[in-house]
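Enquirer: Input: one structure, supplied below.
The values are calculated or read from the model by the stated rules, or taken from the named source; none is laboratory data. These numbers come from a predicted model, not from an experiment. Ideal geometry is used to build each Cβ from the backbone, glycine not excepted, and the neighbour counts take in all protein chains shown.
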Amino acid sequence: MKSYPRQLHLFFNALTYYTRFNAPSWVEFSAESQAQSNRYITWIGLLVGAYTALIYWLGSFILPDSIAIILSMATSIWMTGALHEDGLADSCDGFGGGWDKQRILTIMKDSHLGSYGVIALLLVLLLKYNALLSVEETFLVIIIGHCISRFYPLLIIYNGKYAGIEEQSKAKVMTAQLSKTDLFVAALPVLICFSFAPWTYLSVVLPLLFITVWLTAYFRTWIGGYTGDCLGACQQLIELTIYIWFCLPWFIS
């Protein structure tokens, strides 16, 4: 039987967790592999971003930009099973309706969607749509948004601790501590994205770091760390910030 590199197994563990795609039959799945696969989340983001950007590009040939953007957004939600959007909604419900750690965590684990979650989802989706409608390099910005937004939650994992009960967590990939090697592997597709972008695009790093530091402190203050839902919320807010940042006047001629 042919042997495949362990890193391929880790990549496909990440692919099946973060998207609806299936892995080849030879891939080995285990709790250990899943826990170590988060180094490839940005690579998954690069894949999702490229796929959704392609949908936008193809759609823009025969449809108005507004519809092409909606199709692109819908494609990304379908590809990921709304994993990150669900995290955003649950986090807003939890932190909006809870008053202490236990209550916040209980609300976040509840499968029902509350008012805070619905409002947050609607606002974020509307803001994403309007921002993408306003940027100039839409194809490139979509790829950058999906790839880079998945790097910053890793910084929360690296600098924080899991606030839930690990034995009850369905997201073992979120509870494993990251190494510097993991961050380096995750940073590679981010560097690839920036290598194809104008140097002025690097300015987005500062607001993204600010938001990540603020979210890390906020989560630590209220629940003593992070959960999978918190990381999903971080990804969504970072992605949204990227789109809005490139709507600023000096990026639009």
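Enquirer: Taking the condition of being farther than 13 Å from Thr138 by Cα, within 15 Å of the chain's Cα centre (by Cα) and not aromatic (Phe, Trp, Tyr), how many residues in the range 38-73 meet it?
Expert: 9
Enquirer: State whether the residues of the range 166-179 include one that is modelled with pLDDT under 95, loosely packed, with under 14 Cβ neighbours inside 10 Å and touching a strand residue (DSSP E or B) at 6+ places or on another chain (Cβ under 8 Å). Step through it out loud before you land on a result.
Expert: Let us first name the residues in the range 166-179 that are modelled with pLDDT under 95, namely 166-179.
After this cut, where a residue has to be loosely packed, with under 14 Cβ neighbours inside 10 Å as well, the list is 166-168, 170, 177, 179.
Next, from what is left, pick out any that are touching a strand residue (DSSP E or B) at 6+ places or on another chain (Cβ under 8 Å): none.
No, the range 166-179 has no match at all.
Enquirer: With the condition kept exactly as written, say whether any residue in the range 79-92 is of a type in the set (Ser, Thr, Tyr), in contact with a Ser or Thr (Cβ under 9 Å, 6 or more places away or on another chain) and more than 26 Å from Leu191 (Cα to Cα).
Expert: In the first step, residues of the range 79-92 are kept if they are of a type in the set (Ser, Thr, Tyr); the result is 80, 91.
This time we only want the ones that are in contact with a Ser or Thr (Cβ under 9 Å, 6 or more places away or on another chain), so: 80, 91.
Then keep just the ones that are more than 26 Å from Leu191 (Cα to Cα); that gives 91.
Within the range 79-92, one or more residues are of a type in the set (Ser, Thr, Tyr), in contact with a Ser or Thr (Cβ under 9 Å, 6 or more places away or on another chain) and more than 26 Å from Leu191 (Cα to Cα).
Enquirer: Applying the selection to the range 122-150, what residues are of a type in the set (A, V, I, L, M, F, W, C) and farther than 13 Å from Thr52 by Cα? Give the steps one after another, and end with the answer.
Expert: As a first pass, look at the range 122-150 and keep what is of a type in the set (A, V, I, L, M, F, W, C): 122-127, 131-133, 135, 139-144, 147-148.
Scanning the range 122-150 gives Leu122, Leu123, Val124, Leu125, Leu126, Leu127, Ala131, Leu133, Val135, Ile148.
Enquirer: Still on this structure, please answer the following. Give the number of residues within the range 230-253 that are in a helix (DSSP H, G or I) and over 16 Å from Leu127 (Cα atoms). Step through it out loud before you land on a result.
Expert: Taking the range 230-253 as the starting set, the residues that turn out to be in a helix (DSSP H, G or I) are 230-245, 249-251.
Cutting the leftovers down to over 16 Å from Leu127 (Cα atoms) gives us 230-232, 249-251.
Looking only at that region, the number is 6.
Enquirer: Run Ile41 past the list (1) touching a Gly at 6+ places or on another chain (Cβ under 9 Å); (2) aliphatic (A, V, I, L, M); (3) closer than 30 Å to Arg103 by Cα and report the number of the one that doesn't hold.
Expert: For Ile41, the exception is condition (1).
Enquirer: So, one more: Inspect the range 196-211 for any residue being in contact with a strand residue (DSSP E or B) (Cβ under 7 Å, 6 or more places away or on another chain) and in contact (Cβ under 8 Å) with a residue 60 or more places away in the chain and give the result as yes or no.
Expert: Just the residues of the range 196-211 that are in contact with a strand residue (DSSP E or B) (Cβ under 7 Å, 6 or more places away or on another chain), to begin with: none.
No, the range 196-211 has no match at all.
Enquirer: Another one. Scan the range 51-86 residue by residue and report those that are among the aromatic types (Phe, Trp, Tyr) and either surrounded by fewer than 14 Cβ atoms within 10 Å (Cβ to Cβ) or farther than 21 Å from Phe151 by Cα (or both). Step through it out loud before you land on a result.
Expert: Of the range 51-86, the ones among the aromatic types (Phe, Trp, Tyr) are 51, 56-57, 61, 78.
Across the range 51-86, the qualifying residues are Tyr56, Trp57, Phe61, Trp78.
Enquirer: Is there a residue being β-branched (Val, Ile, Thr) and either surrounded by 20 or more Cβ atoms within 10 Å (Cβ to Cβ) or assigned to a helix (DSSP H, G or I) (or both) anywhere in the range 9-19? Talk me through it step by step, then tell me what you get.
Expert: Let us first name the residues in the range 9-19 that are β-branched (Val, Ile, Thr), namely 16, 19.
If we keep only those that are either surrounded by 20 or more Cβ atoms within 10 Å (Cβ to Cβ) or assigned to a helix (DSSP H, G or I) (or both) as well, we get 16.
Checked the range 9-19: at least one residue is β-branched (Val, Ile, Thr) and either surrounded by 20 or more Cβ atoms within 10 Å (Cβ to Cβ) or assigned to a helix (DSSP H, G or I) (or both).
Enquirer: So in the range 208-229, with the set limited to residues that are crowded, with 19+ Cβ neighbours inside 10 Å and part of a helix (DSSP H, G or I), which one is modelled with the lowest pLDDT?
Expert: So, considering only residues that are crowded, with 19+ Cβ neighbours inside 10 Å and part of a helix (DSSP H, G or I), the one modelled with the lowest pLDDT is Gly228.
Enquirer: Tyr4 fails exactly one of the following numbered conditions: (1) within 17 Å of the chain's Cα centre (by Cα); (2) closer than 25 Å to Leu183 by Cα. What is the number of that condition?
Expert: Among (1) within 17 Å of the chain's Cα centre (by Cα); (2) closer than 25 Å to Leu183 by Cα, Tyr4 violates only (1).
Enquirer: Out of all the residues in the range 190-203, which are in a helix (DSSP H, G or I) and more than 16 Å from the chain's Cα centre (by Cα)?
Expert: Leu191, Ile192, Phe194, Ser195, Trp199, Thr200, Tyr201, Leu202, Ser203
Matching residues to (1) farther than 15 Å from Ala186 by Cβ; (2) of a type outside the set (Val, Ile, Thr); (3) at pLDDT 90 or above:
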| residue | (1), (2), (3) |
| --- | --- |
| Leu8 | yes, yes, yes |
| Phe12 | yes, yes, yes |
| Thr19 | yes, no, yes |
| Ser30 | yes, yes, no |
| Ala35 | no, yes, no |
| Leu46 | no, yes, yes |
| Ala50 | yes, yes, yes |
| Ser60 | yes, yes, yes |
